[in-house]
Amino acid sequence: MNAAPPAQGGGRGRGRRSAVAKEGRQPKKRGSMLAAVLVVLLLGLALWQLSEIRGKRDAAQAELDEYVERVARQEQENRSLEAALKRAEDPEYLQELARDKLGMVTPGQKDFYDVSN
């Protein structure tokens, strides 16, 4: 019974497999670490881009709000001018304007000025 001593690791090349398996795990850890770092970097880049897009959206919203306000003011002014145009067709309003703004009087009307002031 001359049995040869078992190889390292206890039998038919197990020592080799475990050494290869251990070596094989190293690159997997390194690769998964690299993948994790890459994912974190991509997430950071995505968040940065998102913040830039939000800033542009907020600026565009502020500009839109300004334009909406300008349109509302312009519409109010248009309504006021339309009302003035309608009044301009009224002869009594025209006479009132002529009297108040231009100091005109109708024929036969006497105009008195207060000179005490």
What FRET efficiency, computed as 1/(1 + (r/R0)^6) with R0 = 41 Å and r the Cβ-Cβ distance, is obtained for V40 and E69, rounded to the nearest 0.05? 0.40
For the range 41-117, listing GluC sites (Glu not before Pro) in a DSSP loop whose Cβ sees at most 14 other Cβ atoms within 10 Å gives E89
With the dipole of the range 38-82 worked out from charges on the C-beta (+1 for Lys and Arg, -1 for Asp and Glu) around the Cα centre, which of V71, A46, A60 lies farthest toward the positive end? A46
Neighbourhood net charge (14 Å Cβ-Cβ; Lys/Arg +1, Asp/Glu -1) for E63: -1
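Each reported figure results from applying straightforward, stated rules to the coordinates on display, with no laboratory input. Since the structure is predicted, the reported quantities are computational estimates derived from the model, not experimental observations. Heads up, the Cβs are rebuilt from the backbone with ideal geometry, glycines too, and the neighbour counts pull from every protein chain shown.
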